[in-house]
Amino acid sequence: MSCIFCKIANKEIPAEIVYENNGIIAFKDVEPVAPVHILVIPKLHIPSVNHLELKDKTLMGELIFAARKIAKEQNVDKSGYRLILNIGKDAGQTVDHLHLHLIGGRKLPWA
Ligand code: 5GP
Ligand code: ZN
(Lines give C-alpha, C1' and ligand atoms only; values in the text may rest on other atoms or scores of the structure.)
(Ligands and ions follow the chains in the order given, each with its own letter.)
Protein backbone atom coordinates (compact mmCIF):
# COMPACT_ATOMS: atom_id res chain seq x y z
CA MET A 1 0.00 0.00 0.00
CA SER A 2 1.61 3.22 -1.16
CA CYS A 3 -0.87 5.52 0.60
CA ILE A 4 0.99 8.07 2.73
CA PHE A 5 -1.75 8.29 5.37
CA CYS A 6 -1.88 4.48 5.70
CA LYS A 7 1.87 4.64 6.30
CA ILE A 8 1.36 7.27 9.01
CA ALA A 9 -1.43 5.16 10.56
CA ASN A 10 0.90 2.12 10.53
CA LYS A 11 3.78 4.20 12.00
CA GLU A 12 5.88 3.46 8.93
CA ILE A 13 6.56 7.15 8.48
CA PRO A 14 6.66 9.71 11.28
CA ALA A 15 4.03 12.31 12.08
CA GLU A 16 3.25 14.46 15.10
CA ILE A 17 0.42 12.33 16.44
CA VAL A 18 -1.97 14.15 18.79
CA TYR A 19 -4.67 11.51 19.23
CA GLU A 20 -5.18 7.82 18.59
CA ASN A 21 -7.73 5.14 19.36
CA ASN A 22 -8.59 1.77 17.80
CA GLY A 23 -9.98 3.11 14.54
CA ILE A 24 -8.74 6.70 14.32
CA ILE A 25 -5.47 8.59 14.32
CA ALA A 26 -4.90 12.35 14.27
CA PHE A 27 -1.69 14.19 13.48
CA LYS A 28 -0.43 17.69 12.68
CA ASP A 29 -0.60 18.75 9.05
CA VAL A 30 2.91 19.07 7.62
CA GLU A 31 1.96 22.38 5.93
CA PRO A 32 -0.31 24.07 8.46
CA VAL A 33 -2.53 26.90 7.21
CA ALA A 34 -3.31 28.07 10.76
CA PRO A 35 -1.79 27.75 14.25
CA VAL A 36 -3.87 24.60 14.76
CA HIS A 37 -4.09 22.32 11.71
CA ILE A 38 -4.69 18.67 12.43
CA LEU A 39 -5.78 15.82 10.18
CA VAL A 40 -8.15 13.29 11.72
CA ILE A 41 -8.28 10.06 9.73
CA PRO A 42 -9.74 6.58 9.93
CA LYS A 43 -6.97 3.97 10.12
CA LEU A 44 -8.88 2.04 7.49
CA HIS A 45 -8.10 3.09 3.92
CA ILE A 46 -11.21 4.84 2.58
CA PRO A 47 -10.31 7.08 -0.40
CA SER A 48 -12.99 9.74 0.17
CA VAL A 49 -16.54 10.46 1.29
CA ASN A 50 -17.61 9.16 -2.12
CA HIS A 51 -16.37 5.73 -1.08
CA LEU A 52 -18.17 5.53 2.26
CA GLU A 53 -20.53 2.64 2.82
CA LEU A 54 -23.45 2.47 5.26
CA LYS A 55 -21.32 0.43 7.66
CA ASP A 56 -18.97 3.45 7.99
CA LYS A 57 -21.68 5.62 9.58
CA THR A 58 -20.44 5.05 13.12
CA LEU A 59 -16.82 5.63 12.12
CA MET A 60 -17.70 9.01 10.59
CA GLY A 61 -19.48 10.02 13.78
CA GLU A 62 -16.43 8.97 15.79
CA LEU A 63 -14.22 11.08 13.53
CA ILE A 64 -16.22 14.19 14.43
CA PHE A 65 -16.25 13.38 18.15
CA ALA A 66 -12.48 12.82 18.05
CA ALA A 67 -12.04 16.17 16.27
CA ARG A 68 -14.16 17.90 18.91
CA LYS A 69 -12.07 16.38 21.71
CA ILE A 70 -8.83 17.46 19.99
CA ALA A 71 -10.22 20.97 19.44
CA LYS A 72 -10.77 21.22 23.20
CA GLU A 73 -7.29 19.88 23.96
CA GLN A 74 -5.80 22.38 21.51
CA ASN A 75 -7.76 25.17 23.18
CA VAL A 76 -9.74 26.26 20.15
CA ASP A 77 -13.14 24.92 21.23
CA LYS A 78 -14.21 28.34 22.54
CA SER A 79 -12.46 30.54 19.98
CA GLY A 80 -13.78 28.40 17.13
CA TYR A 81 -12.50 26.05 14.51
CA ARG A 82 -13.39 24.59 11.15
CA LEU A 83 -13.81 20.94 10.15
CA ILE A 84 -13.29 20.33 6.45
CA LEU A 85 -13.59 17.32 4.19
CA ASN A 86 -12.22 17.86 0.70
CA ILE A 87 -13.69 15.47 -1.84
CA GLY A 88 -12.15 15.16 -5.28
CA LYS A 89 -10.24 17.36 -7.66
CA ASP A 90 -12.25 20.59 -7.59
CA ALA A 91 -12.19 20.59 -3.79
CA GLY A 92 -8.41 20.23 -3.84
CA GLN A 93 -8.18 16.73 -2.37
CA THR A 94 -4.54 15.76 -2.80
CA VAL A 95 -4.35 12.66 -0.57
CA ASP A 96 -6.77 9.87 -1.45
CA HIS A 97 -7.31 8.68 2.11
CA LEU A 98 -10.29 10.29 3.81
CA HIS A 99 -9.19 13.01 6.25
CA LEU A 100 -10.97 15.60 8.31
CA HIS A 101 -9.07 18.89 8.57
CA LEU A 102 -9.34 20.56 11.98
CA ILE A 103 -8.26 24.16 11.54
CA GLY A 104 -8.27 26.94 14.11
CA GLY A 105 -6.26 29.39 16.19
CA ARG A 106 -6.90 32.36 13.93
CA LYS A 107 -9.87 34.08 12.30
CA LEU A 108 -10.81 32.05 9.22
CA PRO A 109 -12.45 34.08 6.47
CA TRP A 110 -14.67 32.12 4.15
CA ALA A 111 -12.98 31.22 0.79
P1 5GP B 1 -6.21 17.64 1.04
O2 5GP B 1 -5.73 18.75 0.17
O3 5GP B 1 -6.09 16.29 0.38
O4 5GP B 1 -7.57 17.88 1.63
O5 5GP B 1 -5.23 17.64 2.29
C6 5GP B 1 -4.09 16.90 2.39
C7 5GP B 1 -3.28 17.49 3.51
O8 5GP B 1 -2.29 16.55 3.88
C9 5GP B 1 -2.54 18.78 3.13
O10 5GP B 1 -2.95 19.81 3.99
C11 5GP B 1 -1.06 18.41 3.30
O12 5GP B 1 -0.31 19.46 3.85
C13 5GP B 1 -1.12 17.22 4.23
N14 5GP B 1 -0.04 16.26 4.04
C15 5GP B 1 0.37 15.71 2.85
N16 5GP B 1 1.36 14.84 3.06
C17 5GP B 1 1.57 14.81 4.40
C18 5GP B 1 2.49 14.08 5.22
O19 5GP B 1 3.31 13.28 4.77
N20 5GP B 1 2.45 14.31 6.57
C21 5GP B 1 1.55 15.19 7.12
N22 5GP B 1 1.58 15.35 8.45
N23 5GP B 1 0.67 15.89 6.36
C24 5GP B 1 0.68 15.70 5.03
ZN1 ZN C 1 -4.65 5.04 2.97
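The values are calculated or read from the model by the stated rules, or taken from the named source; none is laboratory data. The shown structure was predicted, so the numbers you read here are calculated from the model rather than taken from an experiment. FYI the Cβ positions are ideal-geometry reconstructions off the backbone, even for glycines, and counts take in every protein chain you see. These area figures cover heavy atoms from the full protein model, side chains too; ligands, DNA and RNA do not enter into them. Shrake-Rupley method; radii C 1.70, N 1.55, O 1.52, S 1.80 Å.
What the table below lists for this structure:
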item: Degrees between helix 57-73 axis and first principal axis of the chain (Cα, 0 to 90, nearest 10); result: 30 degrees
item: Rg over Rh, two decimals, segment 21-71 (C-alpha only, Kirkwood Rh); result: 0.99
item: Those GluC sites (Glu not before Pro) in segment 1-69 that DSSP places in a loop and that have at most 16 other beta carbons within 10 Å; result: GLU12, GLU16, GLU53
item: Pairwise Lys count, segment 68-111 - Cα closer than 22 Å, eight or more residues apart or different chains; result: 4
item: The chain pair-distance distribution - Cα-Cα, 10 Å bins, rounded %; result: 14, 48, 33, 4
item: Environment charge of HIS97, counting only residues whose C-beta is closer than 14 Å and scoring Lys/Arg +1, Asp/Glu -1; result: -2
item: Whole-percent carbon and sulfur share, accessible surface of the chain, 1.4 Å; result: 54 percent
item: Pair-distance profile P(r), taking every C-alpha pair of segment 62-105, with 5 angstrom steps and integer %; result: 5, 23, 27, 19, 14, 10, 1
item: Neighbourhood net charge (12 Å Cβ-Cβ; Lys/Arg +1, Asp/Glu -1) for ILE46; result: -1
item: For ILE87, net neighbour charge (Lys/Arg +1, Asp/Glu -1) across residues whose Cβ lies under 15 Å away; result: -2
item: For LYS43, distant residues with modelled amide H under 5 Å away; result: ILE24, ILE25
item: Helix-only mean residue ellipticity at 222 nm for the chain, each DSSP H run of n ≥ 4 adding -39500 (n - 2.57), per residue, nearest 500; result: -6500 deg cm²/dmol
item: Value of relative contact order over the chain, rounded to a whole percent, pairs C-alpha under 8 Å and six or more apart; result: 31 percent
item: Accessible solvent surface per residue of the chain, calculated while the other protein chains remain in place, 1.4 angstrom probe, Å²; result: 63 Å²
